[in-house]
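Here's the structure, in structure tokens; my notes come after.
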Amino acid sequence: MKNVAILGFAHGHINAIARQWLDHPEYGAQPVCGWDHDAERGQKACKDFGIEFVPELNDILARDIDAVIITSETDLHAPLVEAAAAAHKDIILYKPMALNLSEADRIVKAVKDNGVRLTMGWQMRTDPQNQKIRELITTGALGKVCQYRRRHALGTHLWGNFENTWHNDPKHNRDIFADDSAHPINMMLWIFGMPETVSCEMSTMVNPRVPNDNAVALFKYANGLICEISCCFTCCGSEITTEVYCDNGSIQQYFGDNPATRLPRPAMPGLKWYKEGDADWTDSGIESPKGHGERLGWQAKPMAEFLNGAEPVCTAEEGRDTLRLVLACYLSAREGKRVSVWDPRIQDIQ
């Protein structure tokens, strides 16, 4: 059993992950204590989980714990990783990795210099349907992929007081696009690797205090593949999530994000594919989650497996590459044109 300290309770996803660990000791990871720079928030969360709140960061890192999970505000990620790595604790770092590439470089360096293990937390990589999509694509089961589209949405405009949360504070998190577009962009990176260019448009459509609540990014690969990442954070309801069009078939996935799980669903497969020559679609047989909270909880077991020796869900280097792609979207939107994902100006985005 690996004893885990929780560093920061800002990111609400920790509730699903920690609860799964507490309810399933057979996973092999157990939260034992927590810290937060916001003592009131930390005390409340620790009380809810039935674990000890430790008010001083140095004190919690000096304890006999095996690992930490960092779910603080984004701007604290780099210093917390550096502190945990120096204390020789293995690390689960929740997304997004950092505010800028300089901070991401610090994280990668701290992990290497101290010889600790780190995985990024990405729910899309642990979703069984997404894993099947990746398998179909990487094995060439439906031929050459010609176009890929991932629609990722939230209904933040329906969440009371969301504009006043840290998610929209440039100091803590940049904005909602930086925070949540990282999910589908990381999934794209996981499947296809690094693209060459991106063209992105961003808009603020509903609340000026929630900037960049809508955006579309077109990534292009060396082989000509076009990947569309469509982010609507003012979405009330949806169904289709992922579309993949190959020269010998197609893949369609439904109910793969928050707005797609909040409404009644028709009786249909959550993931299906068609291969040219077949008489009908093939049902994957993989159930969609009953709700968004269940999907978030699916991360708990793979992360516990990492703490017990399995490969990272997502390496620090992949987390940095994801951040590079997210920041490249800002550069493209600012310049009003397609840009290289290796444009040196991305390093200067703070």
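The values are calculated or read from the model by the stated rules, or taken from the named source; none is laboratory data. Just so we're clear, the structure is a prediction, and the values are computed from it rather than from any experiment. Neighbour counts are summed over all protein chains in view; Cβ atoms, including those assigned to glycine, are modelled from backbone coordinates with ideal geometry. Accessible surface areas use protein heavy atoms only, side chains included; no ligands, DNA or RNA. Shrake-Rupley method; radii C 1.70, N 1.55, O 1.52, S 1.80 Å.
Worth pointing out:
- Failed item in (1) farther than 23 Å from GLY115 by Cα; (2) open to solvent by 60 Å² or more (accessible area, probe 1.4 Å); (3) out of contact with any helix residue (DSSP H, G or I) (no Cβ under 7 Å at 6 or more places or on another chain), with ASP64 passing the rest: (1)
- When restricted to residues that are of a type in the set (Ser, Thr, Tyr) and farther than 22 Å from ALA300 by Cβ, the stretch 70-106 contains 1.
- Contact annotation: residue pairs with Cβ atoms under 6 Å, 6 or more positions apart or on different chains, pairing a residue in the stretch 123-137 that is more than 15 Å from CYS314 (Cα to Cα) with a partner that is of a type in the set (Ser, Thr, Tyr), are LYS132/SER284.
- Considering the stretch 1-32, and only residues there that are part of a strand (DSSP E or B) and in contact with a Phe, Trp or Tyr (Cβ under 9 Å, 6 or more places away or on another chain), the residue that is surrounded by the most Cβ atoms within 10 Å (Cβ to Cβ) turns out to be LEU7.
- Close Cβ contacts (under 7 Å, 6 or more residues apart or on different chains) running from residues in the stretch 163-179 that are farther than 17 Å from PRO79 by Cβ and open to solvent by less than 50 Å² (accessible area, probe 1.4 Å) to residues that are among the charged types (D, E, K, R) and in a loop (DSSP other than H, G, I, E, B) comprise ASN168/ASP175; ASN168/ARG209; ILE176/ASP213.
- In the stretch 35-52, the residues that are in a loop (DSSP other than H, G, I, E, B) and either among the basic types (Lys, Arg) or surrounded by 19 or more Cβ atoms within 10 Å (Cβ to Cβ) (or both): ASP36, ILE51
- Within the stretch 78-107, residues that are acidic (Asp, Glu) have Cβ atoms under 7 Å from residues that are in a loop (DSSP other than H, G, I, E, B) in these pairs: ASP90/ASP66; ASP90/VAL116; ASP90/ARG117, counting only partners at least 6 apart in sequence or on another chain.
- Scope the stretch 235-259; condition among the hydroxyl-bearing types (Ser, Thr, Tyr) and surrounded by fewer than 21 Cβ atoms within 10 Å (Cβ to Cβ); matching residues: TYR245, SER250, TYR254
- Residue within the stretch 242-255 that is modelled with pLDDT under 95 and touching a Lys or Arg at 6+ places or on another chain (Cβ under 7 Å) present: yes
- When each of LEU158, LEU136, LEU99 is tested for being closer than 30 Å to ALA39 by Cβ, among the hydrophobic types (A, V, I, L, M, F, W, C) and open to solvent by 10 Å² or more (accessible area, probe 1.4 Å), the lone residue that passes is LEU99.
- Residue in the stretch 142-154 that is over 17 Å from the mean Cα position of the chain (by Cα), small (Gly, Ala, Ser) and either open to solvent by 40 Å² or more (accessible area, probe 1.4 Å) or under 18 Å from THR322 (Cα atoms) (or both) present: no
- Residue check for GLY293: out of contact with any His (no Cβ under 8 Å at 6 or more places or on another chain), in contact (Cβ under 8 Å) with a residue 60 or more places away in the chain and over 22 Å from THR138 (Cβ atoms): yes
- Against the list (1) under 27 Å from TRP342 (Cα atoms); (2) modelled with pLDDT of 95 or more; (3) crowded, with 23+ Cβ neighbours inside 10 Å, the condition ILE91 fails is (1).
- The set of residues in the stretch 311-333 that are out of contact with any strand residue (DSSP E or B) (no Cβ under 9 Å at 6 or more places or on another chain) and either of a type in the set (Lys, Arg) or open to solvent by 10 Å² or more (accessible area, probe 1.4 Å) (or both) comprises GLU317, ARG320, ASP321, LEU323, ARG324.
- Any hit, the stretch 174-195, residues being assigned to a loop (DSSP other than H, G, I, E, B) and touching a Pro at 6+ places or on another chain (Cβ under 7 Å): yes
- Meets criteria (farther than 25 Å from PRO289 by Cβ, of a type outside the set (Ser, Thr, Tyr) and out of contact with any His (no Cβ under 6 Å at 6 or more places or on another chain)) for GLY115: yes
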